[in-house]
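Report on one structure; see the data block that follows.
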Amino acid sequence: MIETGKNDNPTGETAAAGIALWSTCVKYKVLQPGTNVNKQDSRFGFLENGGAIGRRIRSRDWSQHPLGPVEHWDATLRTSLGIALSSSFPTFLAWGDDLTLLYNDPYEPMLGQKADSLGAPFPAVWPEVWDSLAPYVCRVLAGESFFFEDHAVTLERHGYPEQTWFTFSYSPLRDDAGTVRGLICTCVEVTDKVQALARHKEAEERLALSLEASGNIGTWSYDLDDGATHVDERFARLFQVDAALARSGTELQRFTDMIHPEDRPRVVAAIATAISTDSRYDIDYRIPQRAGHDVWVNARGKVFADPASGRQRFAGIAVDITARKAAEEALVASEARAAAASTRAEDSRRRLDALLEAAPVGIAYADSDGRFLMTNAANRAIWGDYMPANGVAGYAAWRGWNQDDGTPLSPADWPTARVLAGTDSVEAVLEIEPAGAPAAGVRKTVLVRAQRMLDAAGALVGAVAATMDITTQVRAERALKESERKFRSIADELRAASRRKDEFLAMLAHELRNPLAPISNAAQLLTMAGSNEARVRQSSEVIIRQVRHMTALVDDLLDVSRVTRGLVTLEREPVEVDEVVAGAIEQARPLIEARGHEFTLEQDAHGARIVGDRTRLVQVLSNLLNNAAKYTPQGGRIALAVALRGACVAITVRDNGIGIGPDMLPHVFDLFSQAERTPDRSQGGLGLGLALVKSLVQLHGGRVEAHSEGLGHGSSFGVVFDLAVAHAPDPAARDAGRGAPQGNVTPAQRRVLVVDDNADAAQSLAEVLGAFGHAVATRNSSSAALAAAGADWPDTFILDIGLPDIDGYELVRRLRALQGGRPARYIALTGYGQAQDKVLARGAGFDHHFVKPVDLAALRAVLDDNVFFNAGAQAPAPNHP
């Protein structure tokens, strides 16, 4: 703002008079001897020393401007502009009714973003100050001159208001007739100087307030030009000098003479060194008092230059440290130890000064707008070097996430921003990506605690934030949790293994008992066969088939053992995939046909060859087919597909069988792995087939696949092999077959119905019981058993538990529901012989529980028990041992 009347000075008229005189000299050619006025074009001669602005004026087309072409400009304008362009001071002219602005090179930087204002009206260039300048401009155009020093004005030359200060003079420009045609102004921006003086004054005021508050700190100043020494009342009191004399100034020697004689040479030398080398002055010394004791003083200072006058002065402070010295002397017994204690105290002070920088915790201080004013080394190491200078809005450049839920932080979410917004304190665990990190995406986990800072009146002045890098701690905790998780998993990959071991042993016992039962029965028949050759032959065939089955079980166990121990040697040669498929189908066909499945073959890779062992490859594929046949209900669908996948061939077996649950699917290829054991063990097997498939496929460099939509939705098993480059001769196929002998029922004392899906087991038991004199019928499914019982009710039921359609537990419940008042005895015959199996049988309604192969003597005793039948028993009898 213009301060009316401030520093008004008519000295500007002298400058105007000089310009007019120079113009007259030019007009009448009253020039210095030797001046050549015709050397340059007289129309543009005033622009020759005009610098960049002069060249712009000369090159510009002024014909459409109110001033008109340059060669027609008024002589006074040309002369005045020539003077301005040649000046090294920022100078401008405002000419004519429009106050057209013309200026020199030094003035252009003052325009800022208005630097293209040459020839524009002065009010349009400076609209933000025109209201305050207009009265003065009018007075200048009326003939007055003004001079202002350190004048304050608010300009918008960079797109925003800024406080500036200028020293300038305004003078009118008159033509030859004495008419004022415009004005000329020479101006110098003194913003930096004024602000520096203001800061200096503010610092002195703060120092004075601090010293006043301290009570025991005095100030001194020694003028290096005139030697006068001035001290305040507190300093005068230390030296027992009259306060009025101290304020008016006295000699420095008056004070040095009062220093203790032992300390005076050292003090004088220190003063001389500080003045001559412009170094810091810091010294302790004693001042003897009239009361007989010494006052210890710490004096500190240096040479300063007054920013206003430029005079040099040696100035500083003096602090009464008598109490500190007394405490030090009380702790030491000699002058040497006192000096050492003083050194240690000084070291402690310096360490205290360095504590903030050396602290292992990041510390940062922000003002009330969120601008960070200070950060220590630890903070910079954690966050990087970027510290936003534009407050909270600048926090958007930081990358951070909430550690709890991973959500990114907005500028207002950072702890410092939150306390500045009103929260007293905030503690948060964050993940951050430090600014300038060597690799993008590198995160740290930090614990940040921010606290708002208030002044004595309770007003917010800023915030302080402490940051601790806890990345290593968090990683260790995560590693510990992961270790605990793995330990729990191991305790579980172990409990499951123990359970599966028990299940495997139970399955092994079941699978071995199943063939042992018909073998035992056939052996009993052989002892009773006599000369009946047909019965001997039939019994022998049963034994042969079941021994073959047991041999296959043992072979599977040995096969898995050899494969898992790496003892299997493969014959590696090119093999036709078609031949492997044909061999596998040939081996699996009897089981597929026996269960009445619909089988389809999809062959889209005729002629494809792989390198491997034909026998083992056939074994792999036949195991998959047999697996599908076992776990697909009778009359199901099985499809075998062979297709090319780039440089590989994929062989897939699909079925619409029982399917695989999501929990079981990842483990189907594990050793001894089968779906949850149920009483239905009609499929048989030890859970070795798929494990053997996986091991053999991996030995061939292939991979296995298993898919299922869940229980009841079928399964898909596949193997993938790399195609072979070479070809090999056709290998021979192997044959396999199986049969099932039939027997006749012999009338006997009891009418017995034997239900077992193993035809050999059912038939052989029927033969044995028939030899005992009983009338025995057999059925191989629960539905057939229910139908037979309904048509001709037997008095004894011997039921297998693992039946394919309805298990033995449910079958006995349904039979008891159909029993009515008819007597019947229900006997469970199963491969499961553990204690819980007996409990389950008893609970379902069985009278007795026998384990395969059955103890014929015990079974015969049960059948011969007339007490049960004479009583017409309708409820379960106690379990037979």
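Residues being open to solvent by less than 80 Å² (accessible area, probe 1.4 Å), at pLDDT 90 or above and either polar (S, T, N, Q) or assigned to a helix (DSSP H, G or I) (or both): count how many of those fall in segment 55-74.
3
Just one of (1) of a type outside the set (A, V, I, L, M); (2) within 16 Å of F235 (Cβ to Cβ); (3) open to solvent by 50 Å² or more (accessible area, probe 1.4 Å); (4) within 60 Å of the chain's Cα centre (by Cα) trips up D284, so point out which.
(3)
Within segment 239-272, count every residue that is crowded, with 16+ Cβ neighbours inside 10 Å, under 12 Å from W220 (Cα atoms) and modelled with pLDDT under 80.
The qualifying residues number 4.
Do we have A584 as assigned to a loop (DSSP other than H, G, I, E, B) and surrounded by 15 or more Cβ atoms within 10 Å (Cβ to Cβ) here?
So A584 does not fit the description; no.
Specify the residue that is modelled with the lowest pLDDT; the eligible residues are those in segment 359-379 that are open to solvent by 50 Å² or more (accessible area, probe 1.4 Å) and out of contact with any Gly (no Cβ under 8 Å at 6 or more places or on another chain).
That would be P360.
Can you pull out every residue in segment 140-165 that is part of a strand (DSSP E or B) and open to solvent by 60 Å² or more (accessible area, probe 1.4 Å)?
Hits for segment 140-165 are F147, E149, Q163.
Out of curiosity, is R535 modelled with pLDDT under 85, more than 60 Å from the chain's Cα centre (by Cα) and not hydroxyl-bearing (S, T, Y)?
Yes, satisfied.
Would you mind finding the one in G82, G45 that is within 23 Å of D176 (Cβ to Cβ), touching a helix residue (DSSP H, G or I) at 6+ places or on another chain (Cβ under 7 Å) and open to solvent by less than 60 Å² (accessible area, probe 1.4 Å)? Reasoning before the result, please.
Values: G45 fails: touching a helix residue (DSSP H, G or I) at 6+ places or on another chain (Cβ under 7 Å).
That would be G82, the only listed residue that is within 23 Å of D176 (Cβ to Cβ), touching a helix residue (DSSP H, G or I) at 6+ places or on another chain (Cβ under 7 Å) and open to solvent by less than 60 Å² (accessible area, probe 1.4 Å).
Would you say Y395 is in contact with a Pro (Cβ under 6 Å, 6 or more places away or on another chain) and of a type in the set (F, W, Y)?
yes
Every residue in segment 354-379 that is farther than 21 Å from M453 by Cβ and assigned to a helix (DSSP H, G or I), please.
Applying the first criterion (farther than 21 Å from M453 by Cβ) to segment 354-379 yields 354, 358, 360, 377.
Of everything in segment 354-379, those that are farther than 21 Å from M453 by Cβ and assigned to a helix (DSSP H, G or I) turn out to be A354, A358, A377.
Considering each residue of segment 101-160, count those that are of a type in the set (S, T, N, Q) and farther than 24 Å from A198 by Cβ, and give that number.
The number of residues fulfilling the criteria is 4.
Looking at (1) closer than 22 Å to E329 by Cβ; (2) among the hydrophobic types (A, V, I, L, M, F, W, C); (3) at pLDDT below 90, which one does F304 not meet, given that it meets all the others?
Failed condition: (1).
If you go through segment 170-181, how many residues are under 13 Å from T91 (Cβ atoms) and open to solvent by 30 Å² or more (accessible area, probe 1.4 Å)?
Residues of segment 170-181 that are under 13 Å from T91 (Cβ atoms), as a first pass: 170-171, 173.
Checking the rest, the ones that are also open to solvent by 30 Å² or more (accessible area, probe 1.4 Å) come to none.
So the count comes out to 0.
What tally of residues in segment 214-235 results from selecting those that are in contact with an Asp or Glu (Cβ under 7 Å, 6 or more places away or on another chain) and either open to solvent by 40 Å² or more (accessible area, probe 1.4 Å) or at pLDDT below 75 (or both)?
Counting residues in segment 214-235 that are in contact with an Asp or Glu (Cβ under 7 Å, 6 or more places away or on another chain) and either open to solvent by 40 Å² or more (accessible area, probe 1.4 Å) or at pLDDT below 75 (or both) gives 1.
Filter segment 790-846 for residues that are among the β-branched types (V, I, T) and not in a helix (DSSP H, G or I); which is surrounded by the fewest Cβ atoms within 10 Å (Cβ to Cβ)? Give the steps one after another, and end with the answer.
Applying the first criterion (among the β-branched types (V, I, T)) to segment 790-846 yields 796, 798, 801, 806, 812, 827, 830, 839.
Remaining after also requiring not in a helix (DSSP H, G or I): 796, 798, 801, 806, 827, 830.
Details: T796: 23, I798: 27, I801: 26, I806: 16, I827: 22, T830: 26.
This residue is I806.
Modelled with pLDDT of 90 or more and under 60 Å from the mean Cα position of the chain (by Cα): does that describe P161? First the steps, then the outcome.
Details: modelled with pLDDT of 90 or more: yes; under 60 Å from the mean Cα position of the chain (by Cα): yes.
Spelling it out, P161 is indeed modelled with pLDDT of 90 or more and under 60 Å from the mean Cα position of the chain (by Cα).
All but one of (1) open to solvent by less than 50 Å² (accessible area, probe 1.4 Å); (2) over 60 Å from the mean Cα position of the chain (by Cα); (3) not polar (S, T, N, Q) hold for P123, so report the exception by its number.
The failed condition is (2).
Working only within segment 287-335, note down all residues that are part of a strand (DSSP E or B) and open to solvent by less than 20 Å² (accessible area, probe 1.4 Å).
Across segment 287-335, the qualifying residues are I287, V295, V297, N298, A299, G301, V303, F314, A315, G316, A318.
Could you tell me which of the residues A691, A724, A732 is assigned to a loop (DSSP other than H, G, I, E, B), surrounded by 16 or more Cβ atoms within 10 Å (Cβ to Cβ), hydrophobic (A, V, I, L, M, F, W, C) and at pLDDT below 90? Spell out how you get there, then give the answer.
Values: A691 fails: assigned to a loop (DSSP other than H, G, I, E, B); A732 fails: surrounded by 16 or more Cβ atoms within 10 Å (Cβ to Cβ).
It is A724.
In this structure, does D404 turn out to be open to solvent by 40 Å² or more (accessible area, probe 1.4 Å), of a type outside the set (K, R) and at pLDDT below 80?
For D404, the condition - open to solvent by 40 Å² or more (accessible area, probe 1.4 Å), of a type outside the set (K, R) and at pLDDT below 80 - is not met.
Sort out which residues of segment 765-789 are surrounded by fewer than 18 Cβ atoms within 10 Å (Cβ to Cβ) and in a loop (DSSP other than H, G, I, E, B), and write them in order of number. Steps first, answer last, please.
Step one: of segment 765-789, the residues surrounded by fewer than 18 Cβ atoms within 10 Å (Cβ to Cβ) are 773, 777, 783-784, 786-788.
Within segment 765-789, G773 is the sole residue that qualifies.
May I ask you to list the residues in segment 793-824 that are at pLDDT 90 or above, closer than 20 Å to D757 by Cα and not hydrophobic (A, V, I, L, M, F, W, C)?
Once the filter is applied, which keeps residues that are at pLDDT 90 or above, closer than 20 Å to D757 by Cα and not hydrophobic (A, V, I, L, M, F, W, C), segment 793-824 yields P794, T796, D800, D807, G808, Y809, E810, R813, R814.
Would you confirm whether or not segment 409-427 contains a residue that is farther than 18 Å from V464 by Cβ, within 15 Å of the chain's Cα centre (by Cα), surrounded by fewer than 19 Cβ atoms within 10 Å (Cβ to Cβ) and not aliphatic (A, V, I, L, M)?
Restricting attention to segment 409-427, the residues satisfying the condition of being farther than 18 Å from V464 by Cβ are 409-413.
If we keep only those that are within 15 Å of the chain's Cα centre (by Cα) as well, we get 409.
Okay, now just the ones that are also surrounded by fewer than 19 Cβ atoms within 10 Å (Cβ to Cβ), so none.
The answer is no, given that none of the residues of segment 409-427 is farther than 18 Å from V464 by Cβ, within 15 Å of the chain's Cα centre (by Cα), surrounded by fewer than 19 Cβ atoms within 10 Å (Cβ to Cβ) and not aliphatic (A, V, I, L, M).
The values are calculated or read from the model by the stated rules, or taken from the named source; none is laboratory data. Being a predicted model, the structure only gives us computed values, none of them experimental. Every residue, glycine among them, receives a Cβ derived from its backbone with ideal geometry; neighbour counts consider all protein chains shown. Areas reflect the complete protein model, heavy atoms only, side chains present, ligands, DNA and RNA absent. Shrake-Rupley method; radii C 1.70, N 1.55, O 1.52, S 1.80 Å.
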